[in-house]
Structure formats: C-alpha cells, structure tokens
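The values are calculated or read from the model by the stated rules, or taken from the named source; none is laboratory data. What you see is a predicted model; the values in this text were computed from it and never measured. Ideal geometry is used to build each Cβ from the backbone, glycine not excepted, and the neighbour counts take in all protein chains shown.
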Amino acid sequence: MFSQKLVSQGNIRLFSTSSAAAGRVGCSLVKPVHHLIKIDKNKLSPRFPELNLEKNDIRNPGFRPVATHQDRVAEHYTNTLQSDLLLMNFQHNQRRKEGLKRRQWDGSSPNHPSRTLRKPKGSEVETPDIKIYTDKNIPIIESITLNCYTKLAKDNANHAISAALQLQQITNCKPKPLHSRKDVIAWGVRRGWLMGAKVELKGRPLSQFLSTLTEIVFPRIREFKGLSSRAGDKTGNLSMGLTHEEISFFPEIESNQDQWSKTYGMHINIKTTAQTDTEARRLLSAYGFPIHGTERKNAF
Amino acid sequence: MLRSSAKSSIQTLSRGFLSAEQIPSKSGPIQFVRGKRTKKVSSISPQTQKIITQLSVLSARKKVPRVLKLSNEDLVRHDAVQRAWGVYQKDKRIKNKSDLAKQYEAMNNAMTDLKSTNRELYDLANVREVNKKFPLEFRIPTHFPPNKVWYYDYVPKDETKTTKEN
Amino acid sequence: MVQSRSITPKVKETIPLESLRSTLLLARNPIVTPDLTPFEKVYYNYQEELERRLMWTFPQYYYFRKGTLSERRFVAAQKGPVTKQPGVFYEKGKPDVVHNRERRLKQEIVIPRQETEEGSSLDEINRPVIPNSRITKADEINDITSLERKLPRTLYLLIKDSKLGWRLPSFSIENTSKGLNEVAEEGLRKLGGEAINTWNVSNTVTAVLKFQNDKLVKSDDSSSDLTREYIIKSHILSGSFKPEDSNLEFAWLSKEELKDYVSEDYFNATEFLLSDI
C-alpha cells in the first residue's frame, strides 16, 4: 500500500523487499530506460572536440568533400527525366489502390478472436497501398548496394579480401565485410565466417557506377538481354547479378588484368522510391538499362 | 578471420602465414661469414604476399594525410562558400519543384478539360501504358559530343510491323 | 482509371471536333552536359582540391610490382617530395614524408609516357585524347534549323504559321478513333517527312491552351467558342524535320530563344513545360 502510493506520487523506482514477502512481484513498474539509450562515451570525452562536430564540417577529421565534380547522371534526371516520368506515371482520376492486407477470421472457431489475423489473399505478407502519382512521388534511384558473397571464401578467407578489394576498385568506396549469418551444413558454411564484402552507393559514386555499368559494361556482355520484367520485390526494388566474367569488363579490372586473374561475381540491388516494379523498370530504362519481357497485366 | 578448429581443413589467412613460413631449426654452430646475407629471404608464398598487398591497399595505414588545419579566416571563407553553395542548390531545387507542381496541375486540368470536351479522346488519353519504357536512344549527356553528333539517316520501320504499344 | 468509362454514361458531344487540336511539344534532348556557371566551376575546383588534399597515398606497390621495369619507370617519372634533413631550416614547414608522400599536401601523380617505336600500334593508344568541341558549326553560323546547335540545351521545334506567327506545331483532329498523341505524331510526319524518329512520352496530354478568336485566354475559361490545343510531349531521337513545303519556316530553339519568337502570352502559358537546361 505504502509503496504504491509512492509510485503514484512521483514515479520513484522502489525495490521493496517487503512487497515480495507480500506476494507481489519485486520489480519496478517504471520501465528501465538505461538499457535502451546507448551512450557513445567517446563523445563525452573533452579530448577531441572536433570529432563531435558534424561529418560535413571541415574541422572534423572525417570530413570529405562531396560535390567534387559535375554529376551528369543526376543532372540528366532533374533536367529531362523527372518531368517525363511525371507524365508517364500520371493518370487522371486515379484512386488509391489498396494493397493486400491481413483479413479477419470468419468466426467459426471460438479461438478466432485471439488468433492473429489471416494472411492476405494470394500473398504471405501485406503489401503497401499504391498511392496517387503526383509531382511529390516521382520515382528516383535512392541507392545501389553491391553484394559480393563468394562461395570460395568458405575454404579460404583470402577470397573475401580479394572480393572486398574488387568492390573498392570498381566503386571507389570503402566496402564492408560480409559474414555468413547461419550455419548451413549443405553449403559447408558456419555462422560468422567472412564470406565477402558489400558496399552501398549513394550520390556521386552511384552516378559514376551507374554510368560505367550502362555505358561500358552492358554493351560488352555478349547476348545480354537485360533486366527481366519479372524480377523485383514488388515494391520497386530491383536486383540483378553479374558473373565473374562480366566483372572483368569494368575498366578498373580490365586495365589491371595481371592482378585480377580471379574475379568475383556480385549482386546489384537497386533501391528506388518507385511504388511498383513496373515503375522502377521504367525509371531504369531511362538510364539505358535494357529490359526484356513484357510486364504483368495488372502491374500498376 | 580466425577459425579455431584445428581439425577442419579450412585454410585461414593466419594459418596460411604459419604454414608458409618454415621456421629454420636453430641447431648446429653459428658461423659468421662476411658478405653472406643475414636477412632471411622472404619465405611468404606469392599467394600470401598478394593478399598482404591487397589488405594494405584496403587499409588506411601509412596512407592518411595530415588533418586539415584551417586558420580562422580560412574557416570563415570556407563557411561562406559552403553557405553560398547551399543557397544556390536550394534555389535550384525550389525552382524545379515549383515547375513540376505546375506541370502536374496543368496535366490534371488539361485532362479534366478533355473529359468535358470529348469523352472518347479522353478515354484514349487515359489508358495506362503498362509496357511503356524509355527508348535506348535516350543517352545520359556526356561532357563532350560524340564524333557523329546527330544521326540523320533514320529509316522508318515498316508500319505494318509496328504494333500499338499498350 | 479505365473503369470510370463504364461507370459514367457517355456525355453528349456538344463541342465540335474542329475546335480541338493536338499540339506537339517536340524536344531534342541535350547531347552534352550543361555549361557550368562560373560559381559552379570554382566551387567544383575548390572541392576537388580539398578531396585531393585529403586523399590517401597512392598505393604504387599494388599497380607496379616491385622490381619490374614499369615500377622503375613510374618512380622515375615522379617528382619526389622534399625530405627532412637534420640542421636544415624549411621555409614552408618541416616535411612530413610517409611512403614517398608529403602528408601536408596533395599527392601529384605523374603517369610516365611509354616510349614506343615510331608507327607502332602503342603510339595510337598513347596519343593524347582531344575531345570534340562543344561548340559546333551550326553554333557558329547560328543555324536555327539545325539539330546540332546548342548541344548543352534542350531544343524545341517551332513552326511559323502564316496567320498566327511562331508556335508549336498543331494539328487538327478528324475523328475520335485515334488518340491525341497519334494525331500529333502523324501530323508531324505529314509536315516534316517520314524520316524522323520520335518517342512519345505518354498518351496523356500535358497541358491545354485555350484560344478565343486566335487570342490566348486563361486555362480556366469555359466559354463556348473556344479553340483548345492539347499539348502532347515527345522527343526526337534521330532523323530530322524536313518540311516538304519549302515555304514552311521552322526552328529548333532553346527556352530563352523561344521567348523572343513567340508572343508573351504564349510563352507564359508554355514556360513551365520547357526545360531550363
């Protein structure tokens, strides 16, 4: 009684031994916050005040200039593509199309009220609504992630290092190591092994990679059909793969062939703000991505 | 990178070092010979050497320049330049956005107008072209023009072959 | 949405088809990147210098293996940094050299020119790259009918109407079996020959221009005697516009030039559709 009163008065955390004796749970009703808030103690140190500045502040040791050259890909998008995309996606009197949502149970079982809702029709997961296309949601390529997971690294971790260097050479960005997530007996892989590298491209590095890909690499791939019209995650993110032979068409690799007797294939995941895959493919076609096959009928 | 299972056949980098480096036995008397190389010949295998080189390319060690130290005047100058650039970019962005908003409004109004004037033309104009893509001739502008600036000798395709896109 | 067709019954046509026209906004995309403004030029230069200053040292050992001829050539071509000697006063600060790089400055890499025999195939590879000029012949003589003029800009096709002056090409609609975009594309080919490759952005109209007695009125005007021009957007990809009628005047103009050709009302009504670049 006494402790309850205290709690209600001022939110004081009270661990009363007597409450346990009274048959109550000996824990606080106030949620502990100290486990949730992570404190970067380096920031508290007065030793390097420059490190606490923004990364784009020139006094920060980690400062890197961004706009070092004209970005012709991004400028092409704003000058030409954006208004065309707006017109292509526009439809008069369009209505918001509701995505697939979880359904109610029919109530035939007494357990239904407490059960989680039924799966959406024809899908495992809920899908987002398709909003009206306006000038506010013109699709744009947000980022490209290059994922270079190499099977060879399970026998020799050196391959993962070479794969990381290959990504660095192609993109001029620092790659992150990629570890296997689970034990997979069939692949002979254990959790936590270094298996390759990945890198996420944004801004100018993205433009650079995109133009290299469409202007130098794709034209040289023999019998290249392009992106499939059926690929994608239904929410506007597309991915494709390059084999290890195709990697050697990148000029950075090709001009240094004696170092690259062995190259590693990679996955290219393109993240766009498009609402559907059809819209995303339309966006990519503007950058010179060939696309094969026809779209599904109810693509929009 | 270190995999600690002595029985597994997995070759690791660290183990690669160990196996490649043959530690010479120190038995026998040490004899000093003038002019003989005392430095051990590198016994690292070429593969391991290659990986070491690759790792050092990736690493920042001994490659990082000095931290920039700007004087107060330079800092003020830099700040002014950055602000000017920010304002310039913002103006461009606002102009672009307002143009797009106008375009959207215009196409909406035009379609509403078309609906009131001619229903059939409106229906044709409002059909979703699902397979519409940008043509491959759409190029990202380059810094300098190609040798042949414009392709004039276009021959139209046979009309019977072209199908209506939809 | 197509479904709206079935929901609402057909409206009785009250507006004659003759008063509707399909207008084509045909654009030639920029071929080269936009010209940099002086501010952009100096800003990019400043940022690039900063980047070079903050760049990691060039890993020469990776590109030129130790003990090879190419390595020796590369090293010989470099201007080495000033090294620190004891008892020497350095005017510009004490050198701080690591891996043959002065850490306080940007690293300048000199690529050695390969010595080749005369007339060998390597000569062809080594020759300096001379880019084509961004200013073409058409720019010099200011040939407004040429597609090779003003490469960094988007150009729009304008034709001169004997009665109404310069304007976007506009075509009459005969029947409703064809969409406005098809009418515009066919009209263009009738006017300027078949050898033109265009890509229609969409079948949807971008804007409408309303005229009353050949005078532009506001877009929300709904008088009964209006002539409406629906604008369809398209891009020219190859080929050219060659009018069969030699008296027909036409021009490929950028946004600023277009302002001087068309009337002020007409420009204000179409201005937002035209690209600044």
Check on A:Ala160, out of contact with any Ser or Thr (no Cβ under 7 Å at 6 or more places or on another chain), more than 21 Å from A:Ile140 (Cα to Cα), within 13 Å of chain B (Cβ to nearest Cβ) and not in a loop (DSSP other than H, G, I, E, B): no
Just the residues that are in contact (Cβ under 8 Å) with a residue 12 or more places away in the chain, of a type in the set (S, T, N, Q) and out of contact with any Asp or Glu (no Cβ under 8 Å at 6 or more places or on another chain), please, taken from region C:24-59. C:Asn29, C:Thr57
Which residues, taken from region C:171-214, are touching a residue at least 40 places away in the same chain (Cβ under 8 Å), more than 23 Å from the chain's Cα centre (by Cα) and in a strand (DSSP E or B)? C:Phe171, C:Ser172, C:Leu209
Pair list, Cβ under 7 Å, 6 or more apart: region C:83-105 residue at the interface with another protein chain (Cβ under 10 Å from one of its Cβ atoms), other residue at pLDDT below 90 and exposed (fewer than 14 other Cβ atoms within 10 Å of the Cβ): C:Arg104/C:Gly93
Consider B:Thr48 carefully, then state whether it is under 30 Å from A:Ile161 (Cβ atoms), at the interface with another protein chain (Cβ under 7 Å from one of its Cβ atoms), assigned to a helix (DSSP H, G or I) and polar (S, T, N, Q). no
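Here's the yes/no breakdown for (1) among the β-branched types (Val, Ile, Thr); (2) surrounded by 11 or more Cβ atoms within 10 Å (Cβ to Cβ); (3) facing chain C (nearest Cβ under 9 Å); (4) farther than 30 Å from C:Val32 by Cβ:
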{"residue": "B:Ala60", "(1), (2), (3), (4)": "no, no, yes, yes"}
{"residue": "B:Val64", "(1), (2), (3), (4)": "yes, yes, yes, yes"}
{"residue": "B:Val81", "(1), (2), (3), (4)": "yes, yes, yes, no"}
{"residue": "B:Thr142", "(1), (2), (3), (4)": "yes, yes, yes, no"}
{"residue": "B:Tyr154", "(1), (2), (3), (4)": "no, yes, yes, no"}
What is the number of the single condition among (1) touching an Asp or Glu at 6+ places or on another chain (Cβ under 7 Å); (2) assigned to a loop (DSSP other than H, G, I, E, B); (3) within 23 Å of C:Asn29 (Cβ to Cβ) that A:Ser207 does not meet? (2)
State all residues of region C:102-112 that are in a loop (DSSP other than H, G, I, E, B) and either in contact with a strand residue (DSSP E or B) (Cβ under 8 Å, 6 or more places away or on another chain) or among the charged types (D, E, K, R) (or both); if no residue qualifies, say none. C:Arg103, C:Arg104, C:Lys106, C:Gln107, C:Glu108
Tally the residues that are surrounded by fewer than 18 Cβ atoms within 10 Å (Cβ to Cβ) and either at pLDDT 95 or above or not in a loop (DSSP other than H, G, I, E, B) (or both), restricting the search to region A:223-236. 1
Hey, among A:Ile138, A:Ile144, which residue is at negative phi, outside any loop (DSSP other than H, G, I, E, B) and in contact with a helix residue (DSSP H, G or I) (Cβ under 9 Å, 6 or more places away or on another chain)? A:Ile144
In the set A:Glu252, A:Glu215, A:Glu246, which member is out of contact with any helix residue (DSSP H, G or I) (no Cβ under 9 Å at 6 or more places or on another chain), surrounded by 13 or more Cβ atoms within 10 Å (Cβ to Cβ), at pLDDT 90 or above and closer than 30 Å to C:Phe64 by Cβ? A:Glu215
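If you go through region A:64-83 one residue at a time, how many are touching a Ser or Thr at 6+ places or on another chain (Cβ under 8 Å) and either more than 30 Å from B:Leu68 (Cβ to Cβ) or part of a helix (DSSP H, G or I) (or both)? Walk me through it before giving the result.
First pass over region A:64-83, keeping only residues touching a Ser or Thr at 6+ places or on another chain (Cβ under 8 Å): A:70-75, A:79-80, A:83.
Remaining after also requiring either more than 30 Å from B:Leu68 (Cβ to Cβ) or part of a helix (DSSP H, G or I) (or both): A:72-75, A:79-80, A:83.
The total comes to 7.
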Among the numbered conditions (1) loosely packed, with under 15 Cβ neighbours inside 10 Å; (2) in contact with an Asp or Glu (Cβ under 8 Å, 6 or more places away or on another chain), tell me where A:Val125 comes up short. (2)
At negative phi, at pLDDT 90 or above and loosely packed, with under 10 Cβ neighbours inside 10 Å - does that describe any residue in region B:14-36? no
Tally the residues that are surrounded by fewer than 10 Cβ atoms within 10 Å (Cβ to Cβ) and small (Gly, Ala, Ser), restricting the search to region C:46-75. 1
Within region A:21-40, is even one residue exposed (fewer than 10 other Cβ atoms within 10 Å of the Cβ), at pLDDT 70 or above and not in a loop (DSSP other than H, G, I, E, B)? no
Is one or more of the residues making up region A:228-250 farther than 29 Å from A:Lys182 by Cα and within 11 Å of chain B (Cβ to nearest Cβ)? yes
Kindly indicate whether any position in region A:182-197 is out of contact with any helix residue (DSSP H, G or I) (no Cβ under 7 Å at 6 or more places or on another chain), touching a residue at least 12 places away in the same chain (Cβ under 8 Å) and within 16 Å of A:Met266 (Cα to Cα). no
Please work out which one of (1) closer than 21 Å to B:Pro145 by Cβ; (2) part of a strand (DSSP E or B) is the condition C:Ser146 fails and give its number. (2)
Would you check which residues across region A:167-183 are surrounded by fewer than 18 Cβ atoms within 10 Å (Cβ to Cβ) and either of a type in the set (Asp, Glu) or part of a strand (DSSP E or B) (or both) and list them? A:Lys176, A:Pro177, A:His179, A:Asp183
Residue hits (region B:105-125; more than 7 Å from chain C (Cβ to nearest Cβ) and buried (at least 20 other Cβ atoms within 10 Å of the Cβ)) are B:Tyr122
Which residues, counting only those in region A:262-277, are assigned to a loop (DSSP other than H, G, I, E, B) and of a type in the set (Lys, Arg)? A:Lys262
If A:Val125 passes every condition in (1) among the aliphatic types (A, V, I, L, M); (2) at the interface with chain B (Cβ under 8 Å from one of its Cβ atoms); (3) out of contact with any Lys or Arg (no Cβ under 7 Å at 6 or more places or on another chain) but one, which one does it miss? (2)
